[in-house]
Amino acid sequence: MMMLVGGAVAVAVIAGGVATAVVVSGKGSDHTIADPSASASGSGSQKPLPPEPSFSSVAPPSPANPLDFISSAAKDKAPLSPASLFPGKQFVLGGRTYAKTTTSSTTACSAAAGGQLSGALAADGCTEMLRATYTNGAIAVTIGVAVFADASHATKVHSVAQYVRPLNGGGIADFCHAVACQMTSNSVGRYAYFAIAGFKNGTTLTSDNTTGAQAANDASDFAFQRIVQRGRDAAQAQANSQ
């Protein structure tokens, strides 16, 4: 099989801090403040100055890093399902639309993978594999997201690219079976994610075909965005509760 294996990419997910500025504004006053050196024996009395505004010396807490929430099972508590990870009927990336055909989830991670990846998922304690298949024109692509207890196991497994099994269904009878296809792999937090793309009619993908490579990369980018969004949502929930 042709393989496009994503190298280990160091991903820093930085929550955007929101600085809140307090601006004190006041309208001009018609009152005349008497000169402090003037005699107090005049007919009018000096009006007191308004008190100066006071500000707390305690700095607001730094925003949480979304990566912290998706790097361990202890913090990553939000419900996880194909519907939450792969929402809607499609995704659009770079102007290219990918229509979702089917999804699945299994705790038997090895059964959803082939080659070296099958054994690696079992050895490193994969707890769940979620998959979704999308189509764009003549191309079908399956995304596979493997879930681990922590980031170290996901990082170890993501370099094993052979290979997430294509998920048939929703009108896709068989693809990437005993033919050349494009594959990617990477990880972020405690998730390793994979993609395999080829012709949805089951024919081989030639080495000069760029649409398969584009679909695999797009699917990988989409998986990354969805996983990181879990971290952003958790960080926002924590900020709202404070």
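Look at the range 173-196 and say how many of its residues are closer than 18 Å to M129 by Cβ and either open to solvent by 10 Å² or more (accessible area, probe 1.4 Å) or under 21 Å from the mean Cα position of the chain (by Cα) (or both).
Count: 14.
Residue by residue, here is whether (1) at pLDDT 95 or above; (2) among the aliphatic types (A, V, I, L, M); (3) in contact with a Leu (Cβ under 7 Å, 6 or more places away or on another chain) holds:
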| residue | (1), (2), (3) |
| --- | --- |
| D68 | no, no, no |
| S81 | yes, no, no |
| S104 | yes, no, yes |
| A108 | yes, yes, no |
| Q116 | no, no, no |
| N136 | yes, no, no |
| V145 | yes, yes, yes |
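How many residues, within the range 202-238, are open to solvent by 50 Å² or more (accessible area, probe 1.4 Å) and either part of a helix (DSSP H, G or I) or in contact with a helix residue (DSSP H, G or I) (Cβ under 7 Å, 6 or more places away or on another chain) (or both)?
The qualifying residues number 14.
Output the number of the condition that G198 fails; it satisfies all remaining conditions of (1) in contact (Cβ under 8 Å) with a residue 60 or more places away in the chain; (2) touching a Leu at 6+ places or on another chain (Cβ under 7 Å).
(1)
Here's a check for you: in the range 150-169, which residue that is of a type outside the set (S, T, N, Q) and open to solvent by 60 Å² or more (accessible area, probe 1.4 Å) is nearest to S220 (Cα to Cα)?
Checked the range 150-169; the qualifying residue nearest to S220 (Cα to Cα) is R165.
What is the number of the single condition among (1) at pLDDT below 90; (2) open to solvent by 40 Å² or more (accessible area, probe 1.4 Å); (3) touching a helix residue (DSSP H, G or I) at 6+ places or on another chain (Cβ under 6 Å) that A64 does not meet?
(2)
The values are calculated or read from the model by the stated rules, or taken from the named source; none is laboratory data. Quick caveat: nothing in here was measured; it's all calculated off a predicted structure. Cβ coordinates were reconstructed from backbone atoms using ideal geometry, including for glycine residues, and neighbour counts include every protein chain displayed. Surface accessibility is based on the protein's heavy atoms, side chains included, excluding ligands, DNA and RNA. Shrake-Rupley method; radii C 1.70, N 1.55, O 1.52, S 1.80 Å.
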